[in-house]
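Data block below; observations after.
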Amino acid sequence: MAHPKMPARLQSPSAPIAPMAPQVPQAGRSASGIAPRSPQAPLPPSVPPPPPLPANFGASATSSPVSKPTGQPAASASANPTLPDIELDRPTGKSIHTVRQLIETVAVPRMSLSVEREGGMPVQRTIVHDGDLCKIGSHASNDIVLRDPMVSRFHCRLVREDGVWRLRDSGSMNGTKLDGVRIRDADIVEGGVLTIGDSVVRLRAGAPQKEDIVPMLPSFGALVGTSMPMRRMFGLLDKIAQSDINVLIEGESGTGKELVATEIMQRSSRADKPFVVVDCGAISPSLVESELFGHVRGAFTGADRDRMGAFEAADGGTVFLDEIGELPLELQPKLLRALEAREIRRVGETRARRVNVRVISATNRDLEREVNKGRFREDLYFRLAVISARVPPLRERLDDLLVLVRTFLQQLGVPEEERLFPQPVLQEMSKHDWPGNVRELRNYVERSVVLQSASPTLRRGQGAAPPAAGPINGIDLSVPFRIAKDSVIDSFERSYLSQLLEAAGGNMSKAARMAGMDRMYLHRLVQKHGLRSGRGQGASGEHQAIRVGPMLKD
């Protein structure tokens, strides 16, 4: 999301990493990092309190007062669920404490699965699964485990979306069939038959019988949203923050995974310790080991002095590994050892160094699919994903459009959303699929403020489509053909790469996937034309793959 996050200082590859001292909060994001925010002080002017809740927020909820500290009277359960009745969470290093917190009881979807054949042998096994996600595979961590050598470790999953069950293959080796047809993603009808390897499973949707309690929190720090997916996530994040286990944050690009990691850290027991952010997708593969674990003088060409890595810099605190799916396969065993043994070795050094860090990682890739394809180690995946949190894409939380628009406008100092975003525009926005998620919405709001007009029509990839092919004007026939052709190619490359990097939000790994090219080749093209990705380079041109945030004090 496009909200201010943790303070950050950008490090040069040749400079040692050290925790920063607390800094004075500054408004907005600067070229060198992210605006600081004290956990106890009021939010800076650029971060206003979340906008008022919608009028119907909590209308169908079951109100329940939360136990208060001893000596304080309990709040009335009949009070209106408005912001003044709820103490919005501030980063305190502890769980969320409220004077009165409303909750809502919701029905949990239920699916009945009858395993009729397993590993080629007839069986009769019925499994009832509650929840909106059911994973099927041969690994013991799945919700439905099939003892079948033809079934992949993470074979497929059943997902409940918009009241409909969908079946999605997880990159399995032998594929998934629904009613005899091989599929990758398809709706499920009552009585549908799955063929998974040599196993057969029949699906039946059951009536929801289990109830789940969802906290009615309108925000989680800088994260805002009143939709059910976000409120479920807020409740999960509050529990995660109280533990010290490793966390994997999953979600599409632009959903705000780094902000989620920051909010978890700010409520953890390590909130007053270093917080080091490593962008695995912005580091050259040959330098990843040095960036993570450090190096000693003479370890390789250019290593003219000892340098600590991210794990040492974060000792006692938290390391956030962004874009963990981009980590080279050959380095993954060393990261696994660092997680298991809690020790690292600098490049060129034989002595092991003890470290005590919590690891929060994030990815926009399907790591289970990557495991099936052999591109990510299974043991490392389970070490990173002791618990997982999925950040929903904007298309699954369209109920939050208005509250997000209001928040962005307040941050920009433009409170009159009715003038820029009348009802017809909001209705059109709700029909858009928002492939760039909250980042795209933020850009759209900022563009509307600058132009003083919000376009009533949105289209996929608006503003990022390349120009249509056409005749090239102004050709100088006095220039040799090869030189003229190279000039046209250079012009095309610059235009294409500029728009590609903008569409990818400056993420080189995502840009390479969008363009269907090797990431290192893309790096060379970007350097050739003097472009900047927006993530790996800063205003000074220094490498910014690792950032160290200052420690937060109680």
Handout entry: So Glu291, is it among the acidic types (Asp, Glu), buried (at least 20 other Cβ atoms within 10 Å of the Cβ) and over 30 Å from Tyr521 (Cβ atoms)
Key = no
Completion exercise
Selection from segment 147-194 of residues among the acidic types (Asp, Glu) and either part of a strand (DSSP E or B) or within 24 Å of the chain's Cα centre (by Cα) (or both) yields Glu161, Asp162, Asp169, Asp185, Asp187
Completion exercise
Ser388 meets each of (1) touching a residue at least 24 places away in the same chain (Cβ under 8 Å); (2) surrounded by fewer than 22 Cβ atoms within 10 Å (Cβ to Cβ); (3) over 15 Å from the mean Cα position of the chain (by Cα) with one exception, condition (3)
Handout entry: Selection count, segment 241-274, where residues are small (Gly, Ala, Ser), under 21 Å from Arg365 (Cβ atoms) and in contact with a Pro (Cβ under 8 Å, 6 or more places away or on another chain)
Key = 1
Exercise for the section: Would you be able to say whether some residue in segment 491-508 is of a type outside the set (Ser, Thr, Tyr), over 30 Å from Ile264 (Cα atoms), modelled with pLDDT under 80 and not assigned by the TED database to the domain that holds Arg439? Expected result: no
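The values are calculated or read from the model by the stated rules, or taken from the named source; none is laboratory data. All values derive from a computational prediction rather than experimental measurement. Neighbour counts are summed over all protein chains in view; Cβ atoms, including those assigned to glycine, are modelled from backbone coordinates with ideal geometry.
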